[in-house]
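One structure is given below, encoded as structure tokens.
Just so you know, all these numbers are worked out from the coordinates, no wet-lab data involved. Everything quoted here is computed from the prediction, not taken from an experiment. Here Cβ is always computed from backbone atoms with ideal geometry, including for glycine, and neighbour counts include all displayed protein chains.
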Number of protein chains: 2
Amino acid sequence: MNIGEIARRAGVSRSTVSYALSGRRSVSPETKQRIQAVIDEIGYRPNAAARALKEGRTRTLGLVIPPASLRLTDMQLGFVASVVEAAARADLDVLLSPSGGDHDRSFERIVSGRRVDGVLLMEIRLEDERVGRLRQAGLPFVTIGHTADPHGTSWIDVDYAGLVARCVHHLADLGHRTIALLNRSPELLAAGYGPAHRAQAGFAEAVRQRGLSGIELPCADDPAAGEEWLEQLREHHPDVTAVTTVNEAAMPGLQRGIERLGVAVPGELSIAGVAARHWAEGFRPQLTAADVPALEMGSHAVELLLERIATPTHPHRHLLLAPPISLRDSTGPARPD
Amino acid sequence: MNIGEIARRAGVSRSTVSYALSGRRSVSPETKQRIQAVIDEIGYRPNAAARALKEGRTRTLGLVIPPASLRLTDMQLGFVASVVEAAARADLDVLLSPSGGDHDRSFERIVSGRRVDGVLLMEIRLEDERVGRLRQAGLPFVTIGHTADPHGTSWIDVDYAGLVARCVHHLADLGHRTIALLNRSPELLAAGYGPAHRAQAGFAEAVRQRGLSGIELPCADDPAAGEEWLEQLREHHPDVTAVTTVNEAAMPGLQRGIERLGVAVPGELSIAGVAARHWAEGFRPQLTAADVPALEMGSHAVELLLERIATPTHPHRHLLLAPPISLRDSTGPARPD
DNA sequence: AGCGGTAGTCGAATCGATTCGGAGTCGGCC
DNA sequence: GGCCGACTCCGAATCGATTCGACTACCGCT
């Protein structure tokens, strides 16, 4: 079931079969038809390895994901799925590599074995050695999130700073004067995780601009912590009338806390945040939030990467996504003091 | 940076380099060392495509996932991650293919392009044409879940029937006489989705055995539906004192309903189910449940597949996982009528 | 001394595709 | 009639590895 077999059955040479398939040289309609008939009968497809060897490209993209031990967030999951679909639309396959920062075998195999034409790097850290490795290998890549030096690479990211700021402004417009930030876990913050840092920065800046008082109370990335967080907030900061959240994982706990403590939302407490749409809509009351466009991000990332593969010398492009805030039911005027 | 370059720099022939690397023939310690030095300096790795072409194997596994449009469940996600890690441990890469039942390009490319050495098929349906396609292509595969004819294939699955039955028995032991099943969505049931069917069958059988009355109330796979489901249950089946659930996606809604309606668990209503551990532990009160071992399933599936790749003629093996029920806080004695 | 065996190395074939150079045929045009 | 170009097609080289057969050198044994 190789090209030679097709050629034999169609009574032509191998090169003719190849040209008939690729269309790079003209082949008479009759032979083309004869070849196609044989192919349809046998169900032939060119061997991917042979083609990759000759052409020097694999028609495969590498997607470097965080290791399974760190549970993927819902948003990351959506991103992976959308990358795979976007790649499939371009007739490309996706090779997965679980990699925790330190160079590991899987990552090395993909990069130096030239198994892929380009790489998407998820969960990038501010200083990330994998970037250097890819650059050295001359492999096109796009990062999801950006590094300390944003100019040397192509990346796509969510504008957490801007989105959190928008939330704060929205809440301030409603008359709230004391706002709390429910950020990602202190561990991530300490590890230099970009989104957590930028959320913090955006919050601080917006609070300053509007002359509000901003409360930052640390919270781990899980439901139990979210519930606990709300209790702490009620106890130690009773004057807080609004919350901005970027912590999806803590939301179920937040929800539970609201129900259990009988907090009226938005009557007593307004909540605005950054979350995937289905999280926001699944919340009660439905959450006013900037809907993180995980699915769009996947296809944008693939697009960016394809562009780099096609023209590696092009200047780098950056996409900072700032989806609008969808007004739902969790924000309202501040309660009078 | 190919093997010829290494050979030239080390002053030996290409074959010697290859033998030094593979160890299939003896190479003198001195030349071996010289070759290794060159390799370390250049950072050489054999080209994956060339090797795949010659060896006839790609050192890659294919993982066929449901398309992104159907949101992956938490358990499926965990499974994907664990497959990737298990494969990485065996120095194998994983190629993703999103495929919704009907033969699509991505699936065809992987199969007939011989891009992988074996395939893991997720979300299999009772009648699944992909199985026939793989068999015809002579590609080893393992299915996650089993088809109508379970003997012709190797598969791994969760014993939903057994687990649901266990839940029912546990609840019956506690004195419950009227039990409801919170199954997967009617659409899945209609589509012949195995887990939903087997949950239903296991429930019916256990209920019959114990002479209980079993309630089946359909519920979609999302939080809002879960909340609605509980309302319906309370309204139309007030005599139900216990629930068995296999619907993870509906759980947040169930939780919310419990809080909002003020249902005492387990005082008024006992709940036992099948769910990933962190879902069960995230529930309030913590859920008595059979913890679906998504992470183990991944490595088991890879193991099974590697076995089939190594010895394709071996008789098929099947793994039906039935994890024990972990007693937590959501089940208790039936309330007296 | 002659012979067999082994360790170490090389050259060439091979995997299955793509692609370049060239060869043959045919028609049109001067 | 001869030449040029277009249209078809073929043969051979090539991509980068693995592997088989063969060759040399050296050792030990009779």
Practice task
Using the charge dipole of chain A (Lys, Arg: +1 at Cβ; Asp, Glu: -1 at Cβ; taken about the Cα centre), state which of A:176, A:137, A:37 has its Cα farthest towards the positive end.
Solution key: A:37
Exercise for the section: Given the options B:224, B:180, B:148, state which has the largest fluctuation in a GNM of chain B using a 10 Å cut-off (strictly under) for Cα springs. Expected result: B:148
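Assuming R0 = 41 Å, can you tell me the calculated FRET efficiency for the pair residue B:169 and residue B:104, based on Cβ-Cβ distance, to the nearest 0.05?
Numbers: r = 43 Å, r/R0 = 1.04.
About 0.45, to the nearest 0.05.
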Completion exercise
FRET efficiency (residue B:318, residue A:316; Cβ distance; R0 60 Å; to 0.05) is 0.70
Practice task
Report, ordered by chain and residue number, the lysines lying within cross-link reach of residue B:32, taken as a straight Cα distance under 27 Å and ignoring same-chain residues fewer than 8 apart.
Solution key: B:54
Fill in the blank from the handout: So, in nm and shortest first, the distances from residue B:129 to its counterparts in the other copies, with label points 7 Å along Cα→Cβ, work out as 5.0
Completion exercise
Rounded to the nearest 10, the angle in degrees between the Cα long axis of helix B:294-310 and the longest principal axis of the Cα atoms of chain B comes to 40 degrees
Fill in the blank from the handout: Checking B:22, B:213, B:185 against a Gaussian network model of chain B (alpha-carbon springs below 10 Å), the top fluctuating residue turns out to be B:22
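Starting with the fewest neighbours, write out A:32, B:54 ranked by other beta-carbon atoms found within 10 Å of each beta-carbon. Don't jump to the answer; show the numbers that get you there.
Details: A:32 19, B:54 11.
So the ranking, lowest neighbour count to highest, is B:54, A:32.
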Exercise for the section: Only residues of the stretch A:25-41 count here: report those whose backbone N is under 18 Å from the spot 7 Å along Cα→Cβ of residue A:13, or say none. Expected result: A:25-29, A:31-32, A:35
Handout entry: Projected-area mean, the stretch B:3-46, by convex hull of Cα positions, square nanometres
Key = 2.6 nm²
Exercise for the section: Multiply the residue separation of residue B:264 and residue B:190 by 0.36 nm, subtract the distance between their alpha-carbon atoms, and state the gained length in nm to one decimal. Expected result: 23.3 nm
Problem - Contour excess over end-to-end distance, with Cα ends at residue B:201 and residue B:57 and 0.36 nm allotted per residue - result: 47.7 nm
Practice task
Name the nearest-to-axis residue of chain A, judged by Cβ distance to the rotation axis taking chain A onto chain B, and quote that distance in whole Å.
Solution key: A:259, 2
Completion exercise
Lys and Arg at +1, Asp and Glu at -1: neighbours of residue A:6 with Cβ under 14 Å from its Cβ sum to +3
Practice task
Find every distance from the label point of residue B:105 to the corresponding label point in the other copies (7 Å from Cα along Cα→Cβ) and write them in nm, one decimal, shortest first.
Solution key: 3.5
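Viscosity 1.002 mPa s, temperature 20 °C: Stokes-Einstein D of the stretch B:187-337 from its Kirkwood Cα radius, in µm² per second? Before the final figure, lay out the partial values.
Details: Rh = 17.2 Å.
In µm²/s, the coefficient rounds to 125.
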Fill in the blank from the handout: Inter-copy distances for residue B:22, nm, shortest first, label points 7 Å along Cα→Cβ, are 2.8
Handout entry: Charge-dipole axis of the stretch A:186-235 as Lys and Arg at +1 and Asp and Glu at -1 on Cβ define it, positive-most pick from A:194, A:204, A:220
Key = A:204
Practice task
Calculate how many DSSP beta bridges within chain B are antiparallel, expressed in % of all such bridges and rounded to the nearest 5.
Solution key: 5 percent
Handout entry: Listed residues A:325, A:271, A:39, most fluctuating in chain A (Gaussian network, C-alpha, under 10 Å)
Key = A:39
Problem - Largest-first principal axis extents, alpha carbons of chain B, Å - result: 90, 38, 33
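For the pair residue B:303 and residue A:1, what calculated FRET efficiency results from E = 1/(1 + (r/R0)^6), where r is the Cβ-Cβ distance and R0 = 30 Å, to the nearest 0.05? The partial results should precede the final answer.
Values: r = 30 Å, r/R0 = 0.99.
That gives a FRET efficiency of 0.50.
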Problem - Cα→Cβ-extended label distance, 7 Å offset, between residue B:231 and residue A:40, nm - result: 5.6 nm
Problem - Tilt relative to chain B, helix B:223-236 - C-alpha long axis, 0 to 90 degrees, to 10 - result: 20 degrees
